[in-house]
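Bear in mind these aren't lab numbers, they're just calculated from the coordinates by the rules spelled out. What you see is a predicted model, and the numbers here were worked out from it, not measured in a lab. Methodologically, a virtual Cβ is constructed for each residue, glycine included, from the backbone with ideal geometry; neighbour enumeration extends over all protein chains shown.
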Amino acid sequence: MPLVAPSLLASDFLHLGDACKLVNESEADWFHLDVMDGRFVPNISYGIPVIEHIRSVARKPCDVHLMIEEPEKLTPAFKKAGADMLIVHLETCRNLHSNIQQIRSLGMKPAVAINPHTPVELLKDILFDLHHVLIMTVNPGFGGQSFIPHSLEKVRELRKMITKTGKEILIEVDGGITLENAASLVEAGADILVAGSSIFQAKDPAQVIHLLKNS
């Protein structure tokens with residue numbers, strides 16, 4: 001049974017408290033929080049003050065996804081804001097191992113994200129140090145995009161790599177995740193489903209979360 005992490009980027013920000021209440025009271029496992037800087041991705045989302053407010057009411061772990069340049073400069077601030085898990089992008093880190101060590105030293109679980117064009121093979125030398133890997137199944141920056149079908153093969157390849165390590169490293173997928181493709185992703189080896197629009201734009205978001213959990 002996969003973990004489900006609703007992405008609050010797709011929620012109604014005029015009613016953010018209601019979105020947090022939904023995640024708390026549903027079968028969801030994590031809060032997924034997307035931070036964008038307008039440099040690495042062509043969009044700006046929310047930052048540390050919003051995460052602090054979410055963390056103050058969240059009863060489940062906060063999985064913070066940094067789509068930002070030079071994440072090491074703000075890593076301590078995100079820890080202080082309440083991040084339980086911190087995801088940095090392979091594409092933005094000049095010294096990725098150092099970034100991972102920094103995250104772990106601050107008491108957070110480290111994760112690395114890769115964009116659709118980035119081969120999973122590039123994770124080989126860092127995989128042992130990670131709690132999870134996030135495979136972006138759309139180009140990062142905007143919600144509501146369509147799932148990239150080749151992502152299924154990337155999940156399968158990564159699952160094989162992880163199996164060889166003998167470690168329990170989770171695979172997270174984010175982008176265009178729906179009730180139609182969730183089961184295929186879980187079958188391919190995904191452990192965590194991040195879903196935004198398919199949850200928060202649904203008539204019954206809690207039911208969608210329930211169905212994703214049972215994919």
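Roughly what % of Cα-Cα distances in segment 106-215 sit above 23 Å, to the whole percent?
Values: 1658 of 5995 pairs.
Result for the distance tail: 28 percent.
Spelling out what I want: for every residue of segment 3-9, take phi, set θ = phi - 60°, compute 6.51 cos²θ - 1.76 cosθ + 1.60 (Karplus), and round to whole Hz; glycine and proline get x.
Taking θ as phi minus 60°, the curve returns 7, 10, 10, x, 8, 5, 4 Hz for segment 3-9.
Could you pull out the GluC sites (Glu not before Pro) across segment 95-171 that fall in loop regions by DSSP (anything but H, G, I, E, B) with no more than 15 other Cβ atoms inside 10 Å?
Glu168
In Å and whole numbers, how far do the C-alpha atoms of the chain stretch along each principal axis, longest first?
43, 37, 30
How many angstrom separate the Cα center of segment 77-116 from the Cα center of segment 2-50?
18 Å
Within a Cβ distance under 11 Å of Asp63, other residues only, what is the Lys/Arg minus Asp/Glu net charge?
-3
Report the semi-axes of the equivalent ellipsoid for segment 10-129 in whole Å, largest first, where each axis is √(5λ) for an eigenvalue λ of the Cα gyration tensor. Don't skip to the answer; put the middle values down first.
Numbers: eigenvalues 125, 48, 39 Å².
With the √(5λ) rule applied to segment 10-129, the semi-axes are 25, 15, 14 Å.
Please list, in chain and number order, the residues 5+ apart from Asp34 or on another chain whose amide H is under 5 Å from its amide H, with Hs placed from the backbone.
HN-HN under 5 Å from Asp34: Leu8, Leu9, His65.
Which chymotrypsin sites (Phe, Trp or Tyr not before Pro) in segment 99-179 sit in a loop by DSSP (not H, G, I, E or B) and have at most 16 other Cβ atoms within 10 Å of their own Cβ?
Working: sites: Phe128, Phe142, Phe147; in loops: Phe142, Phe147.
In loop regions of segment 99-179 (DSSP not H, G, I, E or B), the sparsely surrounded chymotrypsin sites (Phe, Trp or Tyr not before Pro) are Phe142.
Which value, in debye to the nearest 20, gives the size of the charge dipole of the chain about its Cα centre, when Lys and Arg are +1 and Asp and Glu are -1 at the Cβ?
Dipole of the chain, to the nearest 20 debye: 400 debye.
For every other residue with a beta carbon closer than 15 angstrom to the beta carbon of Arg104, add +1 if it is Lys or Arg and -1 if Asp or Glu, then tell me the sum. Before the final figure, lay out each step's value.
Details: positive: Lys79, Lys109, Lys167; negative: Glu72, Asp84, Asp129.
With Lys, Arg at +1 and Asp, Glu at -1, the net is 0.
Please compute P(r) over all alpha-carbon pairs of segment 1-46, binned at 10 Å starting from zero, and give each bin as a whole-number percent.
26, 46, 25, 4
Anything over 18 Å Cα to Cα? Flag those among Lys109/Lys213; Lys109/Lys167; Lys21/Lys60; Lys60/Lys167, in the order listed.
With Cα atoms farther than 18 Å apart: Lys109/Lys213; Lys60/Lys167.
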